[in-house]
1. Please sort by residue number the chymotrypsin sites (Phe, Trp or Tyr not before Pro) in the stretch 1-106 whose DSSP state is loop and whose Cβ has at most 14 other Cβ atoms within 10 Å.
2. What is the angle, in °, between the Cα long axis of helix 107-117 and the longest principal axis of the Cα atoms in the chain? Nearest 10 is fine, range 0 to 90.
3. For the stretch 1-95, run through the GluC sites (Glu not before Pro) and keep only the ones in DSSP coil with at most 14 other Cβ atoms within 10 Å of their Cβ.
4. Which whole-number percentage describes the relative contact order of the stretch 104-151, with Cα contacts under 8 Å and a sequence gap of 6 or more?
5. Would you calculate a helix-derived [θ] at 222 nm for the chain, using -39,500 (n - 2.57) for each DSSP H run of n ≥ 4 and dividing by the full residue count, to the nearest 500?
6. Of the residues M96, M110, M157, which exhibits the maximal mean-square fluctuation in a Gaussian network model of the chain defined by a 10 Å Cα contact cut-off?
7. Within straight cross-link reach of K77, meaning Cα distance under 16 Å, which aspartates and glutamates are found once same-chain residues fewer than 8 apart are removed?
8. With an 8 Å cut-off on Cα pairs and a minimum separation of 6 or more residues, tell me the relative contact order of the chain in percent.
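The values are calculated or read from the model by the stated rules, or taken from the named source; none is laboratory data. This one's a predicted model, so the numbers in the text were calculated from it and none came from an experiment. Please note: Cβ atoms are built from the backbone with ideal geometry, for glycine as well, and neighbour counts cover all protein chains shown. The area values use the complete protein model at the heavy-atom level, side chains included, leaving out ligands, DNA and RNA. Shrake-Rupley method; radii C 1.70, N 1.55, O 1.52, S 1.80 Å.
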Amino acid sequence: MPLLSPYTGSWTFDEAAHLLRRTVFDHGKIRIEQAIDEGLQGSINTLFSDAEIPDPPIHFRFEEDPHAGLGESWVGKPSDPESNYDRNRSLWSWWMLQMSQNNQTIHEKMTLFWHNHFAIADIRYAEVRWIYLNILRQFSIGDFRELTKQITVCRAMLIYLGGEANQASSPNENYARE
């Protein structure tokens, strides 16, 4: 016996809009009509289809980064304290763009969900945050156990919970408590 009974109700504009409000960020009329045309199962297949891997973030207005110019990605390039603030601004703008442009799959909505669950804060390094977001995106609808393993060794989580300061004689127990 299945855990959930299949939905047998009607599949109209209201039901499609209801589903999309909960699974994607941009659920305008055109997207809702697409979902109606696809039918319920087709819409679910689309929502859970593989998402394209987005291009890395770029500098959109900061020209002073000695390692990455305007319109160029800073990912994988050396950083310094002066450019890191703008790299972080670039990262958050990039992520907002991903959320607003991906209205086909559930991946961005789940990335935000896992970002709120596996919270990090005060991580100054933009590239570390970018790697963290990509781990969340990669495992957003996948194996929870593997997501947890990857987050456990993710540098952002290690920094956030003080794991980088661990010593054999004095282990930091923040992660264990979390």
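1. Y7, F48, F60
2. The two axes meet at around 50 degrees.
3. Loop-located and lightly packed - E52, E63, E64, E72.
4. 45 percent
5. -16500 deg cm²/dmol, from helical runs alone.
6. M96
7. Cross-link targets: D55, E63, E64, D65, D86, E127.
8. Reported as a whole number, the value is 18 percent.
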